[in-house]
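The values are calculated or read from the model by the stated rules, or taken from the named source; none is laboratory data. A quick note: this is a predicted structure, and the numbers were derived from the prediction, not measured. Cβ: placed from backbone, ideal geometry, glycine included. Neighbour counts: every protein chain shown. Ligands, DNA and RNA are stripped out before the accessible areas are found, and what is left, the full protein with its side chains, is counted by its heavy atoms. Shrake-Rupley method; radii C 1.70, N 1.55, O 1.52, S 1.80 Å.
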Amino acid sequence: MDTGIATARLDVLLHHLLHTSGLSLTYAMEVSATPARPLVSVEFIGDDVAMLTARNGELLLAIEHLAAKALRLEPEEHDLIRFEAASFKANRDWMLRRAAEEAVAEVRRTGQPYRFSPMSSHERRLLHLALADSGLATAS
């Protein structure tokens, strides 16, 4: 992914989306790139941030999904962009790592498999990574 082209396209998309939606939001974009793995982060700020994070971040995730489609990213590249609002995703990531720790303890205590609620592919990946050092088998 060419981050210069990606940020320009995202800027056009987000400007149009926020203008036509009437949402009271602004955004800041940041590129943190390594040659092998660029990352474009978008932070939303404004009066309507709560709308983005309501219902488990449904609108925030939908906008991120639209952006990935607009950039024509392959599914394995969707984590090259990351949208955030009021630390919603950072807090969700922390909660997933905690849930993984609790699941490991539960499986070791009971010897029974543990099932998580349905989640996005990004969240499943985080869980698999959090569980990797546990020595327990994981599956999606």
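Remarks
- Helix 3-21 axis, angle to the chain major axis (alpha carbon atoms, nearest 10°): 80
- Think of it as helices only: each DSSP H run of n ≥ 4 in the chain is worth -39500 (n - 2.57), and spread over all residues that comes to -18500 deg cm²/dmol at 222 nm.
- Angle in degrees between helix 121-131 and the longest Cα principal axis of the chain, rounded to the nearest 10: 40
- Note on the range 30-140: with charges restricted to the Cβ of Lys and Arg (+1) and Asp and Glu (-1), its dipole about the Cα centre is near 420 debye.
- Percent accessible area from carbon and sulfur atoms, the range 21-140, protein chains only, probe 1.4 Å: 53
- Computed with a 1.4 Å probe over protein heavy atoms only, the accessible area of residue 32 comes to about 50 Å².
- Per-residue surface analysis assigns residue 19 an accessible area of about 140 Å², computed on protein heavy atoms at 1.4 Å probe radius.
- Per residue, the chain exposes 65 Å² of accessible surface when a 1.4 Å probe is rolled over the protein heavy atoms with every protein chain present.
- In this entry, the chain is assigned a mean projected area of 9.3 nm², taken as a quarter of its C-alpha convex hull surface.
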